[in-house]
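K.L.:
What follows is a single structure, and I will ask about it in a moment.
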Amino acid sequence: MVIAELTVVPLGTKTTSLSEYVAGCHQLLKKQDKVDYQLTPMGTVLEGKLADIFEIVQKLHEVPFNNGAQRVTTNLKIDDRRDKEAAMAKKIDSVESKLK
């Protein structure tokens, strides 16, 4: 299972707000069932098979273009751990257990 962090940013829009573009991306995420996801204040965390993540990232990259953007930057960080099963919740639980 791969965990990835994605940020899709339209450039050159007439507003500094990105929430409409983020909402558009999350509407697309809601329509698919291959990748789990979690909205965060600075991006979206994805969890699933690497091929499925790449497929959905390509579609998410197109969302701002489909909504009028002329330029888009997409940043993707991938955590592909193969020595043991990884999950979003397990990573958070690991840190929180050390805070007690």
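K.L.:
For segment 1-19, give me the residue count where each residue is loosely packed, with under 13 Cβ neighbours inside 10 Å and either assigned to a loop (DSSP other than H, G, I, E, B) or not polar (S, T, N, Q) (or both).
P.N.:
We begin by selecting, within segment 1-19, every residue loosely packed, with under 13 Cβ neighbours inside 10 Å; these are 11-12, 14-17, 19.
Restricting the remaining residues to those that are either assigned to a loop (DSSP other than H, G, I, E, B) or not polar (S, T, N, Q) (or both) gives 11-12, 14-17.
Matching residues across segment 1-19 total 6.
K.L.:
Tally the residues that are under 17 Å from Met88 (Cα atoms) and assigned to a loop (DSSP other than H, G, I, E, B), restricting the search to segment 20-40.
P.N.:
Taking segment 20-40 and keeping what is under 17 Å from Met88 (Cα atoms), we get 29, 33-40.
Next cut, assigned to a loop (DSSP other than H, G, I, E, B) only: 33-35.
Total meeting the criteria: 3.
K.L.:
Provide a single number: the residues in segment 64-95 that are under 15 Å from Gly12 (Cα atoms) and outside any strand (DSSP E or B). First the steps, then the outcome.
P.N.:
Residues of segment 64-95 that are under 15 Å from Gly12 (Cα atoms), as a first pass: 64-74.
Now narrow it down to the ones that are outside any strand (DSSP E or B): 64-70.
Of the residues in that region, 7 qualify.
K.L.:
May I ask you to list the residues in segment 25-82 that are small (Gly, Ala, Ser) and within 13 Å of Thr7 (Cα to Cα)?
P.N.:
If we filter segment 25-82 for residues that are small (Gly, Ala, Ser), which is where we start, we get 43, 48, 51, 68-69.
Selection gives Gly43 alone.
K.L.:
Looking for something of a type in the set (S, T, N, Q) and in contact (Cβ under 8 Å) with a residue 60 or more places away in the chain - is there at least one such residue anywhere in segment 2-9? Write out each step before concluding.
P.N.:
So in segment 2-9, the residues of a type in the set (S, T, N, Q) come out as 7.
Then drop every residue that is not in contact (Cβ under 8 Å) with a residue 60 or more places away in the chain, which leaves 7.
Checked against the condition, which is being of a type in the set (S, T, N, Q) and in contact (Cβ under 8 Å) with a residue 60 or more places away in the chain, segment 2-9 yields at least one hit.
K.L.:
For Lys30, state whether it is among the basic types (Lys, Arg) and either more than 13 Å from the chain's Cα centre (by Cα) or modelled with pLDDT under 95 (or both). Before the answer, list the steps.
P.N.:
Working: among the basic types (Lys, Arg): yes; either more than 13 Å from the chain's Cα centre (by Cα) or modelled with pLDDT under 95 (or both): no.
The answer is no for Lys30.
K.L.:
Quick one: in segment 66-95, of everything that is of a type in the set (Val, Ile, Thr) and touching a strand residue (DSSP E or B) at 6+ places or on another chain (Cβ under 9 Å), which residue is surrounded by the most Cβ atoms within 10 Å (Cβ to Cβ)?
P.N.:
Per the criteria, the residue is Val72.
K.L.:
Sticking with this structure for a sec: Here are some conditions: (1) under 17 Å from Ala87 (Cβ atoms); (2) without any contact (Cβ under 8 Å) to a residue 40 or more places away in the chain. Lys31 meets all but one. Which one does it not meet?
P.N.:
Answer for Lys31: the failing condition is (1).
The values are calculated or read from the model by the stated rules, or taken from the named source; none is laboratory data. Source: prediction; values computed, not measured. We place every Cβ from the backbone using ideal geometry, glycine too, and count neighbours over all the protein chains shown.
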